[in-house]
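Heads up: the structure comes next, in structure tokens.
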Amino acid sequence: MSQSTRRTFIKSAACAVAAPTIVPRSVFGANAPSNRINVGFIGLGNQSKVDLPAFLENDDVQVLAVCDVNTGSIGYRVPEDFLGREPGKQSVEAYYADKSHSGSYKGCAAYTDFREVLGRDDIDAVVIITPDHWHATMTIAAARAGKDIYCEKPLSLTVEDGKAMVKAVREHKRILQTGSQHRSNDNMRRGCELVRNGRIGDLERITAYIAENNFTGPGTSWMPMPVPKGFDYAMWLGPAPKAPYHEDRCLYKFRFIEEYSGGQTTNFGAHSLDLAQLGHGSELTGPLEFTDAGSEWPESGSLFTTATRVAFHARYADGVELICETRPPGFGARFEGSEGWVQVDSSGVHASPKSLLTSVIGPDEFHLPVAVPGKPVTRYDRVSPQHVRNFLDAVKSRQDPIEPVEVGHRTATICHLGNIAMKLKRKIKWDPESEQIIGDDEAAGMLKRPKREPWEI
Ligand SMILES: NC(=O)C1=CN([C@@H]2O[C@H](COP(=O)(O)OP(=O)(O)OC[C@H]3O[C@@H](n4cnc5c(N)ncnc54)[C@H](OP(=O)(O)O)[C@@H]3O)[C@@H](O)[C@H]2O)C=CC1
Ligand SMILES: O=C1CO[C@H](CO)[C@@H](O)[C@@H]1O
């Protein structure tokens, strides 16, 4: 199909799916086809190994399609991984075959072009697990096509992308869950509730932990490589600038190249800063100023271009200081107040004084939303299924999920502003109301990046 024919086709398909097709559970019973959420997966790489099973395990989900620009490739983050389009399709079909009476199933379509997934009017929701430079284009197209969206973190590549995503999701009345799954962990919620209810006195400082870079890259001596067979590299680059292929550009490592991601600032900031915002209660706003605090960057000409050491400080309107640093434990947030501290990380909730750990939050105190009421989850490896279930319930109720588009956007904004301050090595002043950088045209210019045709948003 030519580009223009495909665009026309998808536009008309989008009109046809303007209204949600879900009928209340009470009408047909919990697992009736009309009560099922039909899902398409876009991007079958590393994180699909977590997200795909988390959707499949729900009886009210049917995965109808997978889409990836790679037929199948060995050598992702773990060399023995075999991911991509065909392995994705096979794992979906094997899952349903195993569940069916006949022991066979052939109902999962596989696509290279995500617009074909969006053009299917039997698909209710899409899961976007592509590199970050695709998130805005795909989310906005999905919203226009009438799909609900589970979009992996970090929500955006730039602040302007995030603003456009918020606008599209709200304009088209879609449900969007940002894939920062740790806020669905009841340990994290409990820690943040202690802070929000004043158990550590007046909050003074928050530290968001960032993991070290887990790859070093080929440095400055990298040479272009031939594009592997079965890989649609042009469709991988999409909105990003043209660039010669190198294996370390794609397959997980895109994280360390500014054209596709914000490095560990956005990769882990999308978790740790998200928890910082949750505990501080500033999820729909952000700090007023950002300063570099000793960040380090790769040598000019390196393939990898994102910070090798993250270090920035920010300050909120209430005077609370935010420190974001490459520092063990590499994930989580520590809240320090006038009467103690609370830390949430992958090992749970820690506090001083220790008595805080058993402190009961009374019915009249402040409570954060619970991802799946009545079914608390604190295990790190069960958090994604919990976050996915929260999304599915939101698709049915048409109420916002635990991390709606605005919240994911504001978390990503802090990551992007931190990167800008670190890169320019000067203080950035931010107006969270108007979402503008004040008095610095060069910095303001970094809130947006051009997108290559036809992927403008
Ligand atoms: N919530 C969490 O804890 C985590 C979230 N993530 C997020 O998930 C996203 C993906 O990361 P990850 O899975 O690690 O990265 P990978 O590179 O392993 O996977 C991305 C996949 O998307 C494919 N892809 C790229 N462009 C397109 C396109 N235009 N259409 C369809 N498929 C495409 C890639 O193809 P190809 O194989 O050719 O490269 C690859 O298979 C990131 O935004 C990341 O931040 C990741 C890890 C954990
Ligand atoms: O979000 C994430 C959590 O952990 C991974 C590494 O172990 C990251 O790379 C990833 O993007």
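Put a dot 7 Å past the Cα of Lys396, heading toward its Cβ, do the same for Ala243, and the two dots end up 4.2 nm apart. Pairs over the 25 Å Cα-Cα cut-off, from the set Lys427/Lys448; Lys167/Lys427; Lys173/Lys375; Lys147/Lys451; Lys99/Lys153; Lys173/Lys396: Lys167/Lys427; Lys173/Lys375; Lys99/Lys153. The alpha-carbon of Lys429 sits under 17 angstrom from the alpha-carbons of these aspartates and glutamates, leaving out residues fewer than 8 places away in its chain: Glu160, Glu289, Asp292, Asp318, Glu321, Asp440, Asp441, Glu442. Peptides 348-356, 378-386 ordered by packing proxy, namely the average of other Cβ atoms within 10 Å per residue, highest first: 378-386, 348-356.
Please list, ordered by chain and number, the residues whose modelled amide H lies under 5 Å from the amide H of Gln177; skip anything fewer than 5 residues away on the same chain. Hits under the 5 Å cutoff: Ile149, Tyr150, Cys151.
Across the chain, C-alpha contacts under 8 Å between residues 6 or more apart give a mean separation that, scaled by the residue count, equals a relative contact order of 19 percent. Rounded, prolate or oblate for the chain? Axes are the square roots of the Cα gyration tensor eigenvalues, ordered a ≥ b ≥ c, and the cut-off for rounded is a/c under 1.5. Verdict is oblate for the chain.
The mean sequence separation of alpha-carbon pairs under 8 Å and at least six residues apart, normalised by the residue count of region 301-457, gives a relative contact order of 11 percent. For the peptides 334-342, 119-127, 240-248, the ranking by packing is 119-127, 334-342, 240-248, with the highest mean count of neighbouring Cβ atoms within 10 Å listed first. Applying a DSSP loop filter and a limit of 12 other Cβ atoms within 10 Å to the trypsin sites (Lys or Arg not before Pro) in region 404-457 leaves Lys425.
The GluC sites (Glu not before Pro) of region 285-330 that meet both conditions, a loop assignment by DSSP and at most 15 other Cβ atoms within 10 Å of the site Cβ, are Glu299. The label point for Glu456 and the one for Ser347, both projected 7 Å from the Cα toward the Cβ, are 5.2 nm apart. Each stretch of four or more DSSP H residues adds -39500 (n - 2.57); spread over every residue of the chain, this sum gives -9500 deg cm²/dmol at 222 nm. The GluC sites (Glu not before Pro) of region 136-217 meeting both criteria, a DSSP state outside H, G, I, E and B (loop) and at most 14 other C-beta atoms within 10 angstrom of the site's C-beta, are Glu212.
Values quoted throughout were computed directly from the atomic coordinates according to the rules given, and no laboratory measurement underlies them. The structure displayed is predicted, hence computed values, not measured ones. Every residue, glycine among them, receives a Cβ derived from its backbone with ideal geometry; neighbour counts consider all protein chains shown.
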